[in-house]
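For reference, the structure discussed in these notes is given below.
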Amino acid sequence: MSLATARMVPMANAIRALSMDAVQSANSGHPGMPMGMADVATVLWSEYLKHDPAVPDWADRDRFVLSAGHGSMLIYSLLHLTGYAAPTMEDIRNFRQIGSPCAGHPENFLLDGVEATTGPLGQGLAMGVGMAMAERHLNATFGDELVDHRTWVIAGDGCLMEGINHEAIGLAGHLKLGRMTVLWDDNNITIDGTTDLSTSEDIKARYEATGWHVVSCDGHDFDDIRRAIDEAIADDRPSLIACKTVIGKGSPNKQGTSATHGAPLGDDEIAAAREVLGWESAPFEIPEDVVSDWRRTADRGVQARADWRNRLEQHGDRDEFLRRMAGDLPESFSLDGYIQSLIDEPQKVATRKASEMALAEINANLPDTIGGSADLTGSNNTKAGGIGPFTADDYSGRYVYYGIREFGMSAAMNGMALHGGVIPYGGTFLVFTDYCRAAIRLSALQQVRTVYVMTHDSIGLGEDGPTHQPIEHVQSLRMMPNVLVMRPADTVETAECWEIALRQKDRPTVLALTRQGLPQVRTEVASENCSARGAYRVKSANADRKVILIATGSEVSLALECAARLEADGIGADVVSMVCTQLFDEQDDAYRADILPDVGPEQLLRVSIEAGTTFGWDRYTMTHGLRIGIDRFGASAPAGDLFEKFGLTADAIVPQIMNKLNG
Ligand SMILES: Cc1ncc(C[n+]2csc(CCOP(=O)(O)OP(=O)(O)O)c2C)c(N)n1
Ligand SMILES: [Mg+2]
């Protein structure tokens, strides 16, 4: 039942008032977007969005993403007005201040109801695609009774202009994600001014050409907004609703201009806007009848959730569904037996192959995984364990052909992980983590479990040459907070890394894997997952210990070779496999001091060996240690020749160590 227009106007104006007052009080923020989209958001949230403010994490709720994250006051207003426990009015008063969950841009980890962290334009919409994919997959798995919801995105001109928009809508159109609707704040304004300064694109034609249903509406006419949303729901393609709006609507002297985009309106203009809107309440006060109209809109969701709860209790898959949505692995899940089989029969394979072997095990025993690759399936070795393709005709498939859309893939993975119920992993070449980087950063910031399967991790990929050979990538990803970057050395470590990655409920993992075959360095059963310590001794010094070789991935076997030569000369050398610096840094002092004793160079020389930049390795070698690596772009040649050319051989390394020891 829709409320009369006369009742809805003040509901929308409540959003406008809160937005302009909060921005004014913070003396920073973006009033234009929430004021412009207030009418659209009021219709959507009061009449369509399926949610229950009392149970924000209800699994079958609709997902709402404010892709135009700068308009954060829109979602804070909506959450408050519809009755979520937070943000409180006090939180809104403290918009953009320390301690308030009303951060500059919406953060999924600060407020229930904020489904995604947005602000980097374009990514919210792209995450919405992942949410819609997860929804269809779980629907195909558990049926309409348990999973039957929609994904709504509010996006601005900026979100549609970003390059990632092309990748995201291409994927959504191809996969026919008809339960996704993008409400475009079609206001012709960005920061620099009117959109004709920078674009002449026919956006609607582009969406149509990409397989989307497109409809327009007057974003300030409640009936017209309803008509457009109804049309979007009725169409089985994903929908773009071009909502023609006036940015800063209600601000008499500034509306329709970029002046309202990202600055407080000022006290005089706010007073004038109050006049125009007929809003008489003081800042941060909402008339009781408006509050109760807003609160009543939540009744639909309360009833829908109660009905769903009944269906869940009767459902044969209840426990499995709840396990999946909680993100817990099945209790029986373990790779111990598989790892034992690797120890029993050592093999020389590339770690990308080792990952495929681990995935065969994982995918067969963990129904939660949804894999994929950005058109490098055969190179990333990501399709394993008998999983079938995820297609528009069969959403039960667990393998996504993402196409050549690295950024779109990564953002979709974030959306899937945020949706819950699935564990996404996806592959490309490690060098193209640069294309994914902004989404990897959002995986980390949003605290989600995504696994990036990044193969061809060094010059070891050989002939494709420097465009494809990562140099700075592994180390630069290690700088990013809350990401596990893992570079396993053999089949055993690769399996251990997969197990660790799957058990991280609140952070992503990047697996850096080789193209070239590597000998198995782990041939004995360990009592624990050694890689979980981040670094551990693969080999202890036999002779009097003078050197610690710290290596990763393909260089661990090289370090073992160097150590053997040193030992032959009576120089004791440990070899430490630094699988994951982040996990090592998290170990207690005693463990770290055991692996890397805090003694001077005259007693112990620390040497790092990694086929990538030496930048930053002094963190572990100390300044007086030795750092072996590659501080220039690679070259095109067979891998063996390149390792020789760049001095990554025992012949080249051992004399440098001897020099250092004798110097
Ligand atoms: C990737 C990215 N680039 C730049 C920005 C900075 N920025 C924030 S809003 C904005 C303009 C967006 O225009 P539009 O989406 O039309 O928003 P409106 O002005 O209509 O509110 C820009 C450039 C950003 N947040 N993210
Ligand atoms: Mg705009």
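The values are calculated or read from the model by the stated rules, or taken from the named source; none is laboratory data. These figures come from a predicted structure and were not determined experimentally. So basically every Cβ, Gly included, is an ideal-geometry build from the backbone, and we count neighbours across all protein chains shown. All accessible areas refer to the heavy atoms of the entire protein, side chains included, with ligands and DNA or RNA removed. Shrake-Rupley method; radii C 1.70, N 1.55, O 1.52, S 1.80 Å.
Tabulated values for the structure
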| quantity | calculated |
| --- | --- |
| Scan of the range 610-663 for residues that are touching a helix residue (DSSP H, G or I) at 6+ places or on another chain (Cβ under 7 Å) and open to solvent by 70 Å² or more (accessible area, probe 1.4 Å), ordered by number | Phe615, Arg627 |
| Residue check for Glu285: without any contact (Cβ under 8 Å) to a residue 40 or more places away in the chain, open to solvent by less than 30 Å² (accessible area, probe 1.4 Å) and not hydroxyl-bearing (Ser, Thr, Tyr) | no |
| Criterion (open to solvent by less than 50 Å² (accessible area, probe 1.4 Å), part of a helix (DSSP H, G or I) and of a type in the set (D, E, K, R)) met by exactly one of Glu567, Glu561 | Glu567 |
| Hits in the range 27-49 (condition: within 16 Å of ligand 1 (Cβ to nearest atom) and assigned to a helix (DSSP H, G or I)) | Gly32, Met33, Pro34, Met35, Gly36, Met37, Ala38, Asp39, Val40, Ala41 |
| Unique match (being among the hydroxyl-bearing types (Ser, Thr, Tyr), closer than 18 Å to Gly248 by Cβ and in contact with a helix residue (DSSP H, G or I) (Cβ under 8 Å, 6 or more places away or on another chain)) among Tyr76, Tyr48 | Tyr76 |
| Hey, Ser28 surrounded by fewer than 24 Cβ atoms within 10 Å (Cβ to Cβ), more than 32 Å from the chain's Cα centre (by Cα) and not β-branched (Val, Ile, Thr) or not | no |
| Scope the range 516-558; condition among the acidic types (Asp, Glu) and surrounded by fewer than 24 Cβ atoms within 10 Å (Cβ to Cβ); matching residues | Glu524, Glu528, Asp544 |
| Of the criteria (1) within 16 Å of ligand 2 (Cβ to nearest atom); (2) more than 26 Å from Arg227 (Cα to Cα); (3) polar (S, T, N, Q), which one Asn108 fails | (1) |
| Residue match in the range 102-120 (condition: within 16 Å of ligand 1 (Cβ to nearest atom), within 30 Å of Glu288 (Cα to Cα), in contact with a Lys or Arg (Cβ under 9 Å, 6 or more places away or on another chain) and open to solvent by 10 Å² or more (accessible area, probe 1.4 Å)) | yes |
| Test: residue in the range 327-336 that is under 28 Å from Leu461 (Cβ atoms) and not in a helix (DSSP H, G or I) | yes |
| Single match in Gly408, Gly385 (criterion: open to solvent by 10 Å² or more (accessible area, probe 1.4 Å), touching an Asp or Glu at 6+ places or on another chain (Cβ under 8 Å) and not aliphatic (A, V, I, L, M)) | Gly385 |
| All positions within the range 122-172 that are among the aliphatic types (A, V, I, L, M), touching a strand residue (DSSP E or B) at 6+ places or on another chain (Cβ under 9 Å) and more than 16 Å from ligand 2 (Cβ to nearest atom) | Met127, Val129, Met131, Ala132, Met133, Ala134, Ile169, Leu171, Ala172 |
| Looking only at the range 31-69, and only at residues there that are open to solvent by 10 Å² or more (accessible area, probe 1.4 Å) and of a type in the set (A, V, I, L, M), the one that is farthest from the chain's Cα centre (by Cα) | Ala54 |
| Every pair of residues 6+ apart whose Cβ atoms lie under 6 Å, when the first sits in the range 156-167 and is more than 14 Å from Val65 (Cβ to Cβ) while the second is assigned to a helix (DSSP H, G or I) and near ligand 1 (Cβ under 10 Å from one of its atoms) | Asp157/Thr195 |
| Among (1) away from ligand 1 (no atom under 16 Å from the Cβ); (2) within 22 Å of Ala273 (Cβ to Cβ) - the single one Leu3 does not satisfy | (2) |
| Every pair of residues 6+ apart whose Cβ atoms lie under 7 Å, when the first sits in the range 641-657 and is on the phi > 0 side of the Ramachandran plot while the second is surrounded by 17 or more Cβ atoms within 10 Å (Cβ to Cβ) and not hydrophobic (A, V, I, L, M, F, W, C) | none |
| Some residue of the range 165-177 being within 30 Å of Asp319 (Cβ to Cβ), in contact with a helix residue (DSSP H, G or I) (Cβ under 9 Å, 6 or more places away or on another chain) and not polar (S, T, N, Q) | yes |
| Which numbered condition Asp268 fails, given (1) more than 34 Å from the chain's Cα centre (by Cα); (2) within 27 Å of Thr194 (Cβ to Cβ); (3) more than 16 Å from ligand 2 (Cβ to nearest atom); (4) crowded, with 16+ Cβ neighbours inside 10 Å | (4) |
| Any hit, the range 182-189, residues being within 16 Å of ligand 2 (Cβ to nearest atom), open to solvent by 30 Å² or more (accessible area, probe 1.4 Å) and in contact with a helix residue (DSSP H, G or I) (Cβ under 7 Å, 6 or more places away or on another chain) | yes |
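For every residue, the table says whether it meets (1) open to solvent by 30 Å² or more (accessible area, probe 1.4 Å); (2) among the aliphatic types (A, V, I, L, M); (3) touching a strand residue (DSSP E or B) at 6+ places or on another chain (Cβ under 8 Å).
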{"site": "Gln314", "(1), (2), (3)": "yes, no, no"}
{"site": "Phe321", "(1), (2), (3)": "no, no, no"}
{"site": "Leu335", "(1), (2), (3)": "no, yes, no"}
{"site": "Leu342", "(1), (2), (3)": "no, yes, no"}
{"site": "Lys348", "(1), (2), (3)": "yes, no, yes"}
{"site": "Glu356", "(1), (2), (3)": "yes, no, no"}
{"site": "Ala360", "(1), (2), (3)": "yes, yes, no"}
{"site": "Leu366", "(1), (2), (3)": "no, yes, yes"}
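Yes or no, residue by residue, for (1) of a type in the set (A, V, I, L, M); (2) buried (at least 20 other Cβ atoms within 10 Å of the Cβ); (3) within 15 Å of ligand 2 (Cβ to nearest atom); (4) within 24 Å of the chain's Cα centre (by Cα):
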| site | (1), (2), (3), (4) |
| --- | --- |
| His174 | no, no, no, yes |
| Glu208 | no, no, no, no |
| Gly211 | no, no, no, no |
| Phe222 | no, yes, no, no |
| Arg226 | no, no, no, no |
| Glu231 | no, no, no, no |
| Pro238 | no, yes, no, yes |
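Residue by residue, here is whether (1) in contact (Cβ under 8 Å) with a residue 12 or more places away in the chain; (2) farther than 25 Å from Gly163 by Cβ holds:
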residue	(1), (2)
Asp196	no, no
Ser200	no, no
Tyr207	yes, no
Thr210	yes, no
Gly219	yes, yes
Ile225	yes, yes
